[in-house]
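A short write-up of the structure that comes next.
The values are calculated or read from the model by the stated rules, or taken from the named source; none is laboratory data. All of these numbers come straight from a predicted model, not from anything done at the bench. Methodologically, a virtual Cβ is constructed for each residue, glycine included, from the backbone with ideal geometry; neighbour enumeration extends over all protein chains shown.
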Amino acid sequence: MDFCRIGVNPTMGAIDLRLPIINSQTLLAKHAFPSPILRPFDPLLRRKCVRMMCKASRSSVSEENDQKGGLSSVEDELGLVNKFEMSDFEVSDRVSTGLGGRGDELVFEAIVKNPDSPLYNTRVVLRELTSVQARRRGNRAIEVFKKLVRRRILYHSYSMQVHGYVSSTTSDNGAEFTLVHGYHGGFSLRHWLQQSDWLPTLEATLALDEESVRKVGDDSIGGPAVSRKLRLIRLLMRDLLIGVNYLHSHGVAHTELRLENLHISPVDRHIKVGFLGNAVDFIESATNSKIFNSKRRQMMIAFDMRCVGFIMAKMVLRELMDPVIFAEFKTFLTKGNDPSCLREFLLPILCKNSPSGSIGLQMLDRNWGAGWNLLALLLAPKPYDRISCLDSLRHPFLCGPKWRVQPSMNIIRWGLGSTAVRIAEEYIYGHPQRSRLSHFVELMEMLNPHPKPKNWLELLPGKWRLLYCTGRHIGLTLRQPPHRVLIGDVHLIVDKISNPKTTFMFTSDIAFNVITGQDWPHDKSGTPGNLKVTSPSRLRAGRRQYIKEENSEMSSQTSAVNILSGRKWKKAFPNKEIPSSLPVAKLASGDVELTMNLGEPLSKNVDDVKNVVQEVRLQVPPEMFDLSKVVCGTYVDSRLLVLRGVNGSALLFTRSCSGL
């Protein structure tokens, strides 16, 4: 042994002693000196520590290699990992369905039969890598193992453990390389979810009891299927996020996170992040600039979080396990649609077999729609908008009822809008429901995140579906019109006009069916019709005035301010009194053009057409029939829109994704 150099390391706080032993680990020892080694008068080296590197000379290493019969180039790269022989294993004659590999991989199950091995009688997985690219993935998995093994407890809990490798040289195929890693059950998470009785089976595998569910802030077990599934998904998602965050904290991105690469260990009841053959380092080279490394880190983390979003979507919504539906789901995101509109897009699919929707829909709708919010943050189109692992663990959807979570104002706005949408979908417009809807709309307007018109230029264009109007509602319950008109979907289509930039073309698209006769038929398809109203509108800045009425009962504005002035809302709305005005986007409409298409035989009779137009005008809000009555916009975000009419009524819209 000879000392090749004694250097200083300005960043390390330890002495690194490297011993000249093949496959030995680096030993880190903290300073045990009562006083600094360096001279006190040296100001440049005072804050630096001494690093002594003990290395064996090349001649001694080569002599030791010759004594051991030589090592292959592959073995030189592996370093600390154990080397096995094929005679150490008893290979099984079958392989579990959840251990499938790629086309250039051969997967076997085996039991270690070498009594000298610490893995004696342990079941392992042998992954034979047949191609050059596959061997690179194997070497990369071992490199990542060497990087992560410093924190063994977290590594063993949340990652698939790499035990070692088998390497041999043959005359036919050259070097053969087989990776030896841990066996964590025969099913991947995808195979678990495909079982018909997956919920009770997984509960039994994880041995869910009151002690285990406390990890997610819950204190109960059993209950309805929705509560049981939500409790289980919280456990699985939190385990997955902790494992992925463990990789990210060590500068590694997995890049292949999917259900097939996740396994649930029945021993320690943790999710194991699978094969790390395609893991990527954040910092590719030390010569790269800090800006490049920061962008690379952000992109790699964002890619993993998008994969986590797909995993969560499949775990919650069983319908996405169908490849056809999942392809439509990915196409929706690939086209650039905002993930915050996923509920509107998936609602027809989720309510296909049940009017109340699937269990997954009920889970995502719970807690003010917190599940849809987390899913939208994980699948955000821009990488810097995606949520991190740590923020996901603090999200209300993954925190049980016993954990006190302080939601951000974005989540509060999301919850207000989600609650208003669900009340509107119930279609039970009694006085309590109408009061609550008006109340939520007032709260949303006072918390409008985009009050300036320049934000409306980007968010306003699109197709919006009318959910609710706070004005009067006239239906067919107590009337007997000559033609019964059933109103379908009412859309507001906003198109941007190139010149001038602040001018938009508003189109009100009203679909309806006309039923003739005195009695209601079982088949209510009737004669289809469509009415369109178009009008150009110019967007300008404006303010909405609030008029205070004396000696009157508490108005909706007063009630809203009383809530917003509380402790929970104080940061977002510091005013203690009703504001005299709020900034809005003022809309100045132009000429209105109306066209209607009506099927035969009603279209041949002018009187029938007049009666149908009159009935449509009576049932839809007047602002949708005459767009010149829309005076301002008071709330807009990526999924919801609130417009105000000349009579003060509010129209609540949700961004529509049908036909995309």
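Limited to segment 477-530, what total is found for residues that are surrounded by 13 or more Cβ atoms within 10 Å (Cβ to Cβ), basic (Lys, Arg) and under 39 Å from the mean Cα position of the chain (by Cα)? The qualifying residues number 1. Checking each residue in segment 416-444 for being hydroxyl-bearing (Ser, Thr, Tyr) and either in contact with a Gly (Cβ under 6 Å, 6 or more places away or on another chain) or in a helix (DSSP H, G or I) (or both) picks out SER418, THR419, SER435, SER438. Taken over segment 235-261, residues that are of a type in the set (Gly, Ala, Ser) and part of a helix (DSSP H, G or I) amount to 2. For segment 95-133, a residue qualifies if it is in contact (Cβ under 8 Å) with a residue 12 or more places away in the chain and part of a helix (DSSP H, G or I), and the qualifying residues are THR97, GLY98, LEU99, GLN133.
For segment 209-231: of the residues being at pLDDT 75 or above and among the β-branched types (Val, Ile, Thr), which is farthest from the chain's Cα centre (by Cα)?
VAL226
Identify, please: which residue in segment 186-227 is of a type in the set (S, T, N, Q), surrounded by 14 or more Cβ atoms within 10 Å (Cβ to Cβ) and free of Cβ contacts under 8 Å to residues at least 60 places away in the same chain and is, among those, nearest to GLY100 (Cα to Cα)? The extreme case among them is SER212. Scanning for something β-branched (Val, Ile, Thr), modelled with pLDDT under 90 and under 21 Å from TYR635 (Cα atoms), does segment 485-505 turn up at least one residue? Yes, segment 485-505 contains at least one residue that is β-branched (Val, Ile, Thr), modelled with pLDDT under 90 and under 21 Å from TYR635 (Cα atoms).
Being of a type in the set (A, V, I, L, M), in contact with a Phe, Trp or Tyr (Cβ under 6 Å, 6 or more places away or on another chain) and assigned to a strand (DSSP E or B), is that true of even one residue in segment 644-655? Looking for residues that are of a type in the set (A, V, I, L, M), in contact with a Phe, Trp or Tyr (Cβ under 6 Å, 6 or more places away or on another chain) and assigned to a strand (DSSP E or B), one finds at least one in segment 644-655, hence yes. Residue under question is LEU206, and the condition is that it be touching a strand residue (DSSP E or B) at 6+ places or on another chain (Cβ under 9 Å) and modelled with pLDDT under 85; does it hold? Against the criterion (touching a strand residue (DSSP E or B) at 6+ places or on another chain (Cβ under 9 Å) and modelled with pLDDT under 85), LEU206 qualifies.
For LEU582, the conditions (1) at pLDDT below 90; (2) part of a loop (DSSP other than H, G, I, E, B); (3) assigned by TED's automatic domain parsing to the domain that holds ARG479 all hold with the exception of (2).
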